[in-house]
Amino acid sequence: MDKIIQENIELLRKLFPDGVPIQLTKTMLEKSTIDASKNIRDFLVKHSLFDFEDLAKGETEYINCQLFHEGSLFERKVSLVRPNAKPNRPGDPRIWIYNLNKNVRGLDWIYLASRDDTFYVIPINTDSKFKTQIESVFGEQLNYVVSSGLKNLIGKQLITDEFVAIFELVKNSFDAHATEVKIIFRGLKTQNATIIIQDNGKGMSFDELKNKWLFVGYSAKKDGTEDNDYRHELGVKRIYAGAKGVGRFSCDRLGNKLKLTTKKDESNSKTEVLYTDWESFEENPKARFEEIGVRHETLAENKELFSHGTRLEITNLEDSVWPRNKLLELKLSLEKLILPESEEEKLKDKKRAGFSIYIEVKDEEAIDKKNTDYYKIVNGPIRNFIFDSLGLRTASIEVSISEDGEQISTILNDKGDDIYRITEKNKYDLKNIRFKLYHLNQSAKLVFSRRMGFPIMRYGHVFVYKNGFRIYPFGDYEEDHFAVDIRKSHKEFSRIGTRSLSGKIEINGDFENIKFIESTSRDAGFLENNSYKELKNCYFDILTRFEKYVVEVVKWGNKIEFKDIEQGERKEEILELISEITGSDSIKKLWYNDKIVDILALKQEDSANTLLLNLQKAAEKTGQKELVQDINLAQKRLFELEKITEQAENIAEEAKVTVKEARQALEFEQQKNKYLLSTDKNISDDVRGMLHNFKIVTERINANIQILTDKVKGGNLNNNELLERLGTIRFSVEKAYKMSRLMTKADFRSKQEKVTIEVANYITEYINEYNTLFEDRKLKFEFNRIGAPFFRKVSLLDLSVIIDNLISNSEKKEANKIRIDFRTKDNSLEMIFSDNGIGLNPEYVQNSDIIFDLGVTDTDGSGIGLNTVSNVLKDNYASIVFYGNGQILKGASFLINFK
Amino acid sequence: MKHCLIIDDQDQKDQIALLESESLRLGFPITGHFFNITEPDLLYREIMDGKPVDLIDVDKVIEKLKIKYINNQFDLIACDYQYDDKIIDGLKLIQFLKENNFKGKKMPYLIYSNDHEEVKDKLQGEVRQHIDDKNTLMTFLESYFDSKPDAVIERTSYYNSIIEFLKKNKTPLSIKLDSKLREYPEKKFNNIFPRFKDKTLLELANMIQKSSAESDDFESEFLERSVAHFIFLEK
């Protein structure tokens, strides 16, 4: 026996000790029969698969098996036969696995095995991947085991900021329906420094302590069971601030020991206490996480807590230094933790019921008494800071995207006066989001500093809130996650940076905005996914609109002559003006301030253009030609300066791109030699698959180009062949393009170009799911289906491109609705593709076959499309004919038959 | 004129057009024949990992090849390696074709692939696995050469490699003879070969393909008589 075969049999014996190896002979394969020897019969009986004793002479029974081949399992029928034999002879039993000879050759070995009532037949080969494939399908199930070292990974090494740690615990209190949470610092100057976070929330029962607090990574908030009690009926549904199940490990960031005391808000509840020593998780990294014990006791009563709630007492503080200025920083940060809302806003939005945070540091009370400034006092409630309350006279822009995502509203305000309010169709894939931005000129910054007692830089700029809680570190000093300052650096003179901005971005609603996922470490913003990118795009567009007002109008001056616009008249000019300053051409609703003209005129009073214009008028009055000439020259130069500035900014932007590109090119060149010298054997199968298919497609293009070139050189190219080959080239190009568009879809990354699919399902799914690929097409699709499923092995790419071509033809015929009927008939599938367009030209209706000929076109196309479609369908063993005009919808119908 | 059969699951008419035009240009004309291995009647359906898949039925492939090309002989058979099939690839197909004596034991085979390095690695891997086992090595090598292709080539512009291969490797005389006889399948040798009288040329061609002792005799006699005939003509 071949050594490798032997090894493989040994492997199978380990996995299936009761299995039976069988060596097949050529005769067995030729006659499609294997003698069911005693070994085989005993095996079948032992695993309750079949008993030949129950089979009479001349009878055949069938069972199923799973045949293993290259890591996959094929369902096969197995026949068990007791042939007719001479009288007094039982008839030698036989077994046969259908189509086995497609998988094996003579003298090959197979292994019969069983597990969990399934009968397996495993042909054994010497392929180097055999062992791995067997292990992956039949191998022992292994489980991940977690080291106690996990505590550090999700504790102090993940939550690296103490403020963030406290915020997480405050958020937990909020989510526990607390109306009040106290952050208490005790004995900070002693060895027994303690941080206590105490709330009056719903608390936990013993079961909840065990199944929620101690269940790492589990979040009842995430699976919806957090408030499976009377709170559901109250109608005030909470949005949760945290939902990952790791916030509780924030305690590890703050101190090594935790005493958790909790009492549930129900009658007869007991006080549960849990003692956690985080250091015990660090003693032995080989110890399993779940084996590190935590002490628990149940108290009959407690005196320290409220009647219900949770208290976290953290001692052995990691960093026991909490000096006064750090406490004041904490206070400032806590102020920004919760979305600042006016009382009016709070009443409107019942989702966020009142929630108060208090800081208590008795050691600092003495110094507190010497201060009156809120920001210089440690102890006391954290106030709800509203920027508006500062009364800064500055410009602001407020943008709201509706809950259903249909509309977007913008209000531009300047010094308390609304300038315009517009409502547009929302073009962003965003819902239930609000932006409020303030432009801080020099004077506004000075006023802020005077009133707050510290510069606005220290306060921060534009904060982001999700469901009322701040997402760090957006808005912090020197933080620029959105790259606003980088954006400004590309057009230094016409863009606003973080130093001139203040405000907030509110993201509301768990379900609408579930895709905004906070990083687990809680201090790295959102995960960079499509939603985040869309938010950024929207933010930048808002900034651009804001800049049109606060920068362009103010600095350069608007180009419209205001004296020509009279109030109440010339509405068109005003609308044009607003269109210019909003940069919008799709305004659905508009309100503008009657005094807009005056406001804008005033705004640009000091602008360069206005100044010169005024000078020009004054000079003209004097009649002094030289003066007028000088001013004209100055105007020209100003105009040039504007242009030059714009060009300079553009060049700067381009230069950066160019520099970037050059750097990339240089790096690439440096890497190239290395790349050329080695083959990357580590590219994934998916990439290999895509490359394989790309090569085939480009080969086809090259071959056709080569043929055309040869024929042109030889002077023997006719029009028909030219058209046909161009059609092939075009089709191949469309295929390549399609591949690049569908690259992210798993079906298309496979090496297999041809796949067995249920054709109607695939086409329906393709059109529905990949509708986004049709971009701006406004087509409606309808599907109808009669008959059984129809499976065929086809080229997915060919089919996709064919569908695209048919849809494109319908669009050319002004259709806005397409209906596809599927009908299975006589082992073939009929697909009728109909549209409500203007139909096939009557000239072709009687002899419609010619529309599939080269060069014949019923649209303004090249006439290649339908010919290529017909040829490609033929390659996939299908055909297409014209079915008629007005047969299904009022336009043309085509019948495609898959045989 | 040489003949090359190309077996692929995708239309190769463009490559065949290039093969024919280029070989003609070089004064070494080759005719290409294309066989699509995934015609619907050559597939059977299985449930694989719970989903239906259509797989190549290699028995039907061989049967159809024999019927379709009963009157043809080839100087070379070129197969794609990748057939979008879980069970059959080019190497396995060649093995089946050789085992079934399709067009004779001496028929040369080529495999072309975009991953031709991978194919070579696979083949060499098989050899490496057996190289240390002297008990099985010889047996393995005998069966290996009997079932493997003569060359593995890059897919891009493979028609050039086919031309090169055919130029470099002489078509065995038996194949040439087989091919010639098939041009007149119904004809018979009336008075030259008494042993093989009443056999059609097609039957004789099929006999040559089987590479039996009888076919060997036929070829020897054929050569003897041909030489004698040429000498006679000269005289």
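The values are calculated or read from the model by the stated rules, or taken from the named source; none is laboratory data. All figures in this text were calculated on a predicted structure; none of them were measured in a lab. Neighbour counts run over all protein chains shown; Cβ positions are idealised from the backbone, glycine included. Surface accessibility is based on the protein's heavy atoms, side chains included, excluding ligands, DNA and RNA. Shrake-Rupley method; radii C 1.70, N 1.55, O 1.52, S 1.80 Å.
Using alpha-carbon positions, what is the distance between the centroids of region A:84-135 and region A:778-838, in Å?
44
Quantify how strongly other chains surround peptide B:154-166 by giving the mean number of their Cβ atoms within 10 Å of each of its Cβ atoms.
Mean number of neighbouring Cβ atoms from other chains: 1.
Roughly speaking, to the nearest percent, how much of region B:2-170's 1.4 Å accessible area is carbon and sulfur?
After summing per-atom areas, the C and S share lands at 51 percent.
Using the Cα gyration tensor of region B:2-170, with a ≥ b ≥ c the square roots of its eigenvalues, what is the shape: rounded (a/c below 1.5), prolate (a/b larger than b/c) or oblate (neither)?
Working: a/c = 1.62, a/b = 1.15, b/c = 1.41.
Oblate, since a/c reaches 1.5 and b/c is not below a/b.
Take the alpha-carbon centre of region A:437-466, take the same for region A:688-742, and report the distance between them in whole Å.
If we compute the Cα centre of each part, the gap is 62 Å.
Over 23 Å between Cα atoms: which of B:K60/B:K180; B:K68/B:K197; A:K515/A:K738; A:K735/B:K92; A:K793/B:K64; A:K77/A:K874 fall into that group? List each step's numbers first, then the result.
On the way: B:K60/B:K180 27 Å; B:K68/B:K197 27 Å; A:K515/A:K738 28 Å; A:K735/B:K92 29 Å; A:K793/B:K64 19 Å; A:K77/A:K874 34 Å.
The pairs that break the limit, which is 23 Å between Cα atoms, are B:K60/B:K180; B:K68/B:K197; A:K515/A:K738; A:K735/B:K92; A:K77/A:K874.
For A:D92 and A:R499 in the same chain, what is the full-extension length gain: residue separation times 0.36 nm, less their Cα-Cα distance, in nm? Display every interim value, and only then the final one.
Numbers: separation 407, 0.36 × 407 = 146.52 nm, distance 9.25 nm.
Result: 137.3 nm gained on full extension.
Within 10 Å of each Cβ of B:49-59, how many other protein chain Cβ atoms are there on average?
Per-residue shielding by partner chains comes out at 5.
What total accessible area, in Å², is buried where chains A and B meet, using a 1.4 Å probe and rounding to the nearest 100? Present the calculation step by step, with values, prior to reporting the outcome.
Values: alone 48400 and 13780 Å², together 58110 Å².
When A and B are taken together, about 4100 Å² of accessible area is lost.
What is the mean number of Cβ atoms from other protein chains located within 10 Å of the Cβ atom of each residue in peptide B:193-202, rounded to a whole number?
Partner Cβ neighbours, averaged per residue: 0.
Counting other Cβ atoms within 10 Å of each Cβ, which trypsin sites (Lys or Arg not before Pro) in region B:67-172 have at most 11 and sit in a DSSP loop?
Filter output for region B:67-172: B:K170.
Enter the Cα centre distance for the pair region A:183-219 and region B:17-55, rounded to the nearest angstrom.
Cα centroid to Cα centroid, the span is 71 Å.
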